[in-house]
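J.: The structure is given below, and queries will be raised subsequently.
The values are calculated or read from the model by the stated rules, or taken from the named source; none is laboratory data. Quick caveat, the model's predicted, so the values are computed rather than measured. We place every Cβ from the backbone using ideal geometry, glycine too, and count neighbours over all the protein chains shown. Just so you know, the surface numbers come from the protein's heavy atoms only, side chains and all, with ligands and any DNA or RNA stripped out. Shrake-Rupley method; radii C 1.70, N 1.55, O 1.52, S 1.80 Å.
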Amino acid sequence: MSSLSVRNVTKTAGNKAILKDVSLEVRDGEIMAILGPSGAGKSTLLRIVNMLDRPDSGQVLVDGRNVWAENRLEMQRSMAMVFQKPIAFSWNVYDNAAYGLRLRGVDKAEIDSRVKEALALLDMTGKERQYARSLSGGETQRLAFARAVVLRPKLLLLDEPTANLDPANVAIMERAIKDVNEKYRTTVVLVTHSIYQARRLSTTAAFMMNGEVIEAGKDLIERPADPRTRMFINGELVY
Ligand code: ADP
């Protein structure tokens, strides 16, 4: 459980403004959906929150602490990110899921209990000994999620975690996202272009376009204020 504040973040690449004065607030225990067309800057924002990228100006605060002013390892370890195109190490499923905990020096019994719990959450019990690179695309994505869940992050950052999945895998992932949020009170930031997914999962939302947050809040999906948000939610093409 963790709060996130993004304050006046800007980012340019070359001479292109990718994020223009972006501010967002995500409260403890919320699931925030970040919606918007491709190229809006959603992934860049998530990478900046996860400290994979540094903003040109502005601040990111987790629980009120400016992440770049604190111990980097400690701040990064309070969060976990799941990427759109996950990779699996060339080991079995269990070792893939246990990876982050071993890095952190967690003891064996604790690793075992957390890995089992995470694999159960992702409907992967029984696959522990399977070679991870022989998994289907959906299972690989679920394993990537399990690898994040075992860390019990306070803040979970998900970048289009179901973008390339079939409905059965989407259902498992969505249930797992909800379970993690409820069970561990994990705060979740979910980048998605699916308004349906946002409706099913999120407690609050933000709509981004062209590097800007157009609007944000609990009512965004049911009562969008800005005409561009309304168009996006109605399934019209906005870009
Ligand atoms: P989204 O996740 O909303 O699709 P991204 O954050 O991936 O958007 O990208 C926003 C824009 O910034 C895109 O136009 C993308 O091409 C551009 N962009 C992202 N990263 C870089 C980079 N390192 N160099 C140049 N342009 C970038």
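J.: Within the set of pairs 6+ apart or on separate chains, which have a first residue in segment 84-111 that is farther than 23 Å from ASP159 by Cα, a second that is hydroxyl-bearing (Ser, Thr, Tyr) and surrounded by fewer than 14 Cβ atoms within 10 Å (Cβ to Cβ), and C-beta atoms under 7 Å apart?
T.: That search, which allows pairs on different chains as well, returns ASN92/TYR131.
J.: If ILE111 satisfies all but one of (1) more than 16 Å from the ligand (Cβ to nearest atom); (2) surrounded by 14 or more Cβ atoms within 10 Å (Cβ to Cβ); (3) modelled with pLDDT under 95, what's the number of the condition it fails?
T.: (3)
J.: Further, regarding this structure: Given the condition β-branched (Val, Ile, Thr) and either modelled with pLDDT of 95 or more or under 21 Å from VAL60 (Cβ atoms) (or both), answer yes or no: does some residue in segment 195-202 qualify?
T.: No, the conditions are met nowhere in segment 195-202.
J.: If you don't mind, another one. Working only within segment 57-83, note down all residues that are assigned to a helix (DSSP H, G or I), among the hydrophobic types (A, V, I, L, M, F, W, C) and open to solvent by less than 70 Å² (accessible area, probe 1.4 Å).
T.: Scanning segment 57-83 gives VAL67, TRP68, MET75.
Rundown of residues vs (1) surrounded by 16 or more Cβ atoms within 10 Å (Cβ to Cβ); (2) under 21 Å from the mean Cα position of the chain (by Cα), yes/no style:
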| residue | (1), (2) |
| --- | --- |
| ALA97 | yes, yes |
| ARG102 | no, no |
| LEU122 | yes, yes |
| ARG129 | no, no |
| ALA132 | yes, no |
| VAL150 | yes, yes |
| LYS154 | yes, yes |
| LEU157 | yes, yes |
| THR162 | yes, yes |
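J.: Give the residues of segment 180-200 that are within 28 Å of GLU117 (Cα to Cα), open to solvent by 10 Å² or more (accessible area, probe 1.4 Å) and of a type in the set (A, V, I, L, M, F, W, C), sorted by residue number.
T.: none
J.: Keeping to segment 201-212, report how many residues are closer than 26 Å to ALA171 by Cα and surrounded by 20 or more Cβ atoms within 10 Å (Cβ to Cβ).
T.: Going through segment 201-212 one residue at a time, the tally reaches 6.
J.: Just give me the residues in segment 213-237 being under 19 Å from the mean Cα position of the chain (by Cα) and surrounded by fewer than 18 Cβ atoms within 10 Å (Cβ to Cβ), in sequence order.
T.: Scanning segment 213-237 gives GLY217, LYS218.
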